Amino acid sequence: MATNKTQQTDEDPADFLNTIENPTVREDCFKILTMLEEQSGLPARMWGTSMIGVGSYHYRYASGHQGDMFLAGFSPRKQQISLYLTLPSQQRDQFLAILGKHKSAVSCIYIKKLADIDENVLRAMIDASIQYLLQTYPAES
C-alpha cells in the first residue's frame, strides 16, 4: 500500500515562514500560525515541505487506504494562502458565507490576505474543523 507524501516533519514552521519574501504574506502566515496554536492548544508542526498544521488524526477508508493528517492547517502558496479545514458541507457553506473574500475548492479555502476575511470566523472554523475530525476519527484504543 502506498504511503502518504505528506508526513509530519521536525522542521520548524517559523524557519519555513521566514523564507517567505512578501512581508504581508509572511506576517499573515505568522498570524494564522498563532491562531492555529491558540485555538487548538497544540504546537504547530510542518507537514511535508510546505504545509503547517496542528494536531493529527488517523483515518482509514473502506478501500483500506489509511494515514495521518493534521486537524487544521495552511500553506503559503505563490498566488494565495491555502487553508485546510475539514467541515461538514452545510456548516462549511455557512462559515464561507460570512468569512469574507475567498475562493474555495473541495478541500481548500484560498485567501490573498488576512485583511480580506473575518479573523473571528476563521478562528471558529478552526475550532469546528478540529472538533469535527476528532469526532469523525476518534483515537484508536
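The values are calculated or read from the model by the stated rules, or taken from the named source; none is laboratory data. Because the structure is predicted, anything quoted here is derived from the model rather than measured. Quick reminder, even Gly has a Cβ in these numbers, built from the backbone with ideal geometry, and neighbours come from all protein chains shown. Ligands, DNA and RNA are stripped out before the accessible areas are found, and what is left, the full protein with its side chains, is counted by its heavy atoms. Shrake-Rupley method; radii C 1.70, N 1.55, O 1.52, S 1.80 Å.
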Quiz item: So, of the residues in the stretch 18-29 that are open to solvent by 60 Å² or more (accessible area, probe 1.4 Å) and part of a helix (DSSP H, G or I), which turns out to be farthest from residue 130 (Cα to Cα)?
Solution: 23
Quiz item: Can we say residue 78 is of a type in the set (Lys, Arg) and modelled with pLDDT under 95?
Solution: yes
Practice problem: Residues being within 20 Å of residue 54 (Cβ to Cβ), open to solvent by less than 80 Å² (accessible area, probe 1.4 Å) and not polar (S, T, N, Q): count how many of those fall in the stretch 89-141. | Solution: 22
Exercise. Spot the failing condition for residue 96; the list is (1) under 22 Å from residue 34 (Cα atoms); (2) touching a residue at least 24 places away in the same chain (Cβ under 8 Å); (3) in contact with a strand residue (DSSP E or B) (Cβ under 7 Å, 6 or more places away or on another chain), and only one is missed.
Key: (2)
Exercise. Output the strands (runs of 3 or more DSSP E) that fall wholly within the stretch 30-141 and possess 3 or more residues being within 22 Å of residue 10 (Cβ to Cβ) and within 15 Å of the chain's Cα centre (by Cα), or say none.
Key: 44-47, 51-54, 72-76
Self-check item: From the options 72, 62, 44, residue that is at pLDDT below 95 and farther than 13 Å from residue 6 by Cβ
Solution: 62
Quiz prompt | residue 88 vs. criteria more than 14 Å from residue 129 (Cβ to Cβ) and not β-branched (Val, Ile, Thr) | solution = no
